[in-house]
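Trainee: My questions will all concern the structure given below.
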Amino acid sequence: MDIPAPRDTAESTELSQINASLQSDYGKGKWCPDGPQGKCLSLNDLERIMATSRDPKELERAWAGWHAIAPPMRKRYARMVVLANKGARETGFADVGAMWRSNYDMAPDAFSAELDRLWQQVRPLYVSLHAYVRWKLEEKYGTGVVSEDRPIPAHLLGNMWSQDWTNIYPLLAPANADPGYDLTEILKAKKIEPVGMVHYGERFFMSLGFAALPQTFWERSMFTKPQDRDVVCHASAWDIDYVEDLRIKMCIEQKSEDFTTIHHELGHNFYQRAYDTQSPLFRNSANDGFHEAIGDTIALSVTPEYLKQIGLLENVPPASSDIGLLMKRALDKVAFLPFGLLIDKWRWEVFSGQVTPENYNKAWWELREKYQGIAPPSARSEEDFDPGAKYHVAANVPYARYFLAAILQYQFHRALCRESGYKGPLHRCSIYNNKEAGARLNKMLAMGESRPWPEALEALTGEKQMDATAILEYYAPLKQWLDEQNKGHKVDW
Ligand SMILES: [Zn+2]
C-alpha cells in the first residue's frame with residue numbers, strides 16, 4: 001500500500017475517492033487549444049509534438065497545454081497529503097515519505113543520505129552532458145531561447161518532463177560517429193512482429209540458463225493494442241498466482257524503444273519466477289529498485305555484437321562509432337538520473353510538511369533547477385500545480401526505485417561481465433549465452449526478499465554498497481569526449 005488509509009471510515013473513504021479522482025483527471029487529461037468545443041489533443045498527441053517539433057513556440061504551447069490539466073488537482077492533492085499522513089502516523093511512521101523510505105533495510109534518513117551520496121557520484125557526468133546539450137541547443141535556437149547563462153528551458157529537450165532526451169539526438173549527434181544502423185529499421189525490414197520481439201527477449205534469458213516461459217504466458221499476455229476497446233498501454237508485468245501464471249501487458253510496436261522495454265518487463269517475470277520457491281512473505285525483490293533493474297541490466301547486453309550473433313545485424317560498426325551509441329543511451333539513462341531523484345525529494349518534503357501547499361510549485365521548480373538544471377518555459381505561479389502533470393505524482397506511485405534501478409543496472413552489468421570473463425570496455429560487453437553469468441544472476445534473483453538487500457547485492461556483485469562507479473566506467477569514453485567539446489563553454493548552472 002503506497003498510500004495508507006486512516007482508521008476513521010469517513011476519512012478513509014474520502015481518501016480513496018480523492019485518489020481515484022486524481023488518477024482519473026490525469027487519465028482524461030487533454031488540451032483543447034480552441035476551447036472545449038474545438039479539437040482536443042491527448043497526452044499522446046502532445047508527447048508526439050514534444051518529440052518531433054523544432055518550433056520553440058509550438059513546443060511551449062504543447063508544454064503549457066498539458067500542464068494546464070493539473071491546477072484543478074491541487075486542492076485535492078493537499079487534502080490527500082493530510083489524510084494519508086494521518087494513516088501513516090496511525091501505523092507508526094512520522095509521515096508518508098518516511099513510510100516510503102522505510103522499505104530499504106535502513107533508517108529513513110540514512111536512505112535519503114544514501115541517495116544523495118549516489119547522486120554526488122554521478123553528478124559530474126550529468127553536468128557534462130547538460131553543458132553539451134545546452135550549447136548545442138543555443139546554436140540551434142539562438143541565445144534568445146537558450147543561453148549558457150541560464151538553466152535549459154524545459155520544453156526543448158524532446159520530452160514533456162525533460163526526463164528522456166533521446167528524441168533530440170539528431171540535434172546533438174557527434175560528427176563521424178554514426179552507428180550506421182537503426183534497430184527500428186532492422187525490425188521492420190526483417191518483419192519481426194511483436195510476439196517475435198518478445199521471443200528474442202525470452203531467448204536471451206534462456207541463453208543464460210533460465211527455463212523457457214510457460215505456455216500460458218504466450219496465451220494470456222497482451223502484446224498488441226486491441227482494436228475493439230480502450231486499454232492502458234503503459235507497459236507492465238504480472239505475476240498472477242505467484243507460481244507459473246506470468247504475463248506482460250504492452251502495446252508493442254516495431255521499434256527499438258519497445259525492444260528494450262520488452263527486456264525490462266521480462267526482467268520482472270524472470271525475477272518473479274526465480275523467487276517463487278521462497279515463502280510467500282519473501283516473494284518480492286530485495287528492494288523495489290532491484291525489480292526495476294533486472295530487465296534493464298539484460299538490455300545493456302543488447303550490443304551491436306549481440307545483434308550480429310542473433311542474425312539481426314550484418315556488420316558490427318567500428319569502434320569510432322561508439323560515441324554515437326553511448327550518446328544515444330546517455331540521453332535516455334544519464335539524463336534521467338536527476339529527474340528520478342527529485343520526484344520523491346519533492347514528495348518527501350511535501351509529506352513532512354517542510355513544503356506547504358502555498359509553496360508546492362515554487363519548491364518543485366527549485367528542485368528541478370537544482371538537480372536537472374532546467375527552468376520552466378514561462379513564468380509559473382502558485383496558481384499552477386506542475387508536479388500533478390506527471391503520472392506518478394497524480395497516481396501516488398513512489399519513484400525512488402527508478403533512480404536506484406538506473407544506478408544498480410550498471411553495477412549488476414559490470415559484475416556479470418566480470419563473472420563471464422569479459423575484459424574489454426564495459427559498454428561493449430554482452431553476457432549473451434554465458435551460463436556463469438546466468439547462474440550468478442539467478443543466485444540473487446532466487447533469494448527474493450528473504451535477506452536484507454545488501455546481502456542480495458553481495459550475492460551478485462561481491463559488493464555490499466550501491467555504487468555508481470560502474471555507470472561512470474560505462475560512459476567514460478563519452479565523458480571524455482563531452483569534456484573536450486565543452487572547452488570554452490560554460491559548464492554547470
Ligand atoms: Zn518495471
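Trainee: Check whether at least one residue in region 2-13 is surrounded by 14 or more Cβ atoms within 10 Å (Cβ to Cβ) and part of a helix (DSSP H, G or I), and report yes or no.
Mentor: Within region 2-13 (the criterion being surrounded by 14 or more Cβ atoms within 10 Å (Cβ to Cβ) and part of a helix (DSSP H, G or I)), the answer is yes, since at least one residue qualifies.
Trainee: Moving on. What number of residues in region 278-307 are in a helix (DSSP H, G or I) and under 27 Å from GLU257 (Cβ atoms)?
Mentor: Going through region 278-307 one residue at a time, the tally reaches 16.
Trainee: Could you run through region 383-417 and say how many residues are in a helix (DSSP H, G or I), within 16 Å of the ligand (Cβ to nearest atom) and free of Cβ contacts under 8 Å to residues at least 60 places away in the same chain?
Mentor: Selection size over region 383-417: 1.
Trainee: Are any residues in region 296-317 open to solvent by 10 Å² or more (accessible area, probe 1.4 Å) and within 16 Å of the ligand (Cβ to nearest atom), and if so, which ones?
Mentor: ASP296
Trainee: Residues that are part of a helix (DSSP H, G or I), under 30 Å from MET447 (Cα atoms), open to solvent by less than 30 Å² (accessible area, probe 1.4 Å) and within 16 Å of the ligand (Cβ to nearest atom): does region 340-350 have at least one?
Mentor: Yes, region 340-350 contains a residue that is part of a helix (DSSP H, G or I), under 30 Å from MET447 (Cα atoms), open to solvent by less than 30 Å² (accessible area, probe 1.4 Å) and within 16 Å of the ligand (Cβ to nearest atom).
Trainee: Can you tell me which residue within region 100-122, out of those that are under 22 Å from ASP483 (Cα atoms) and touching a residue at least 60 places away in the same chain (Cβ under 8 Å), is most open to solvent (accessible area, probe 1.4 Å)?
Mentor: GLN121
Trainee: Select from region 231-259 the residues that are at pLDDT below 95 and assigned to a helix (DSSP H, G or I) and write down the one among them that is nearest to PHE217 (Cα to Cα).
Mentor: Only one residue fits best here, namely ASP258.
Trainee: Scanning for something without any contact (Cβ under 8 Å) to a residue 40 or more places away in the chain and part of a loop (DSSP other than H, G, I, E, B), does region 269-277 turn up at least one residue?
Mentor: yes
For every residue, the table says whether it meets (1) modelled with pLDDT of 95 or more; (2) surrounded by 15 or more Cβ atoms within 10 Å (Cβ to Cβ).
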residue: THR356; (1), (2): yes, no
residue: ASN361; (1), (2): yes, yes
residue: TRP364; (1), (2): yes, yes
residue: TYR371; (1), (2): yes, yes
residue: PRO377; (1), (2): yes, yes
residue: TYR391; (1), (2): no, yes
residue: PRO398; (1), (2): yes, yes
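Trainee: Test GLU473 against the stated conditions and say whether it is within 22 Å of the chain's Cα centre (by Cα), within 20 Å of LEU331 (Cα to Cα) and among the acidic types (Asp, Glu).
Mentor: Criteria met by GLU473.
Trainee: Can you find a residue that is of a type in the set (Val, Ile, Thr) and either out of contact with any helix residue (DSSP H, G or I) (no Cβ under 6 Å at 6 or more places or on another chain) or more than 16 Å from the ligand (Cβ to nearest atom) (or both) anywhere in region 260-271?
Mentor: Checked against the condition, which is being of a type in the set (Val, Ile, Thr) and either out of contact with any helix residue (DSSP H, G or I) (no Cβ under 6 Å at 6 or more places or on another chain) or more than 16 Å from the ligand (Cβ to nearest atom) (or both), region 260-271 yields at least one hit.
Trainee: Yes or no: region 223-246 includes at least one residue that is in contact with a Phe, Trp or Tyr (Cβ under 6 Å, 6 or more places away or on another chain) and within 16 Å of the ligand (Cβ to nearest atom).
Mentor: Yes, region 223-246 contains at least one residue that is in contact with a Phe, Trp or Tyr (Cβ under 6 Å, 6 or more places away or on another chain) and within 16 Å of the ligand (Cβ to nearest atom).
Trainee: Moving on. Counting just the residues of region 272-295 that are near the ligand (Cβ under 10 Å from one of its atoms) and touching a Lys or Arg at 6+ places or on another chain (Cβ under 6 Å), which one comes out least open to solvent (accessible area, probe 1.4 Å)?
Mentor: GLU292
Trainee: Answer yes if at least one residue in region 318-336 is surrounded by 19 or more Cβ atoms within 10 Å (Cβ to Cβ), within 16 Å of the ligand (Cβ to nearest atom) and in contact (Cβ under 8 Å) with a residue 40 or more places away in the chain, and no otherwise.
Mentor: yes
Trainee: Filter region 215-271 for residues that are β-branched (Val, Ile, Thr) and under 23 Å from LEU281 (Cβ atoms) and give the result.
Mentor: Result: ILE240, VAL243.
The values are calculated or read from the model by the stated rules, or taken from the named source; none is laboratory data. What you see is a predicted model, and the numbers here were worked out from it, not measured in a lab. A quick note on method: Cβ atoms are made from the backbone with ideal geometry, for glycine too, and the neighbour counts reach across all protein chains shown. When the accessible area is computed, the model is the full protein with side chains, heavy atoms only, and any ligands, DNA or RNA have been set aside. Shrake-Rupley method; radii C 1.70, N 1.55, O 1.52, S 1.80 Å.
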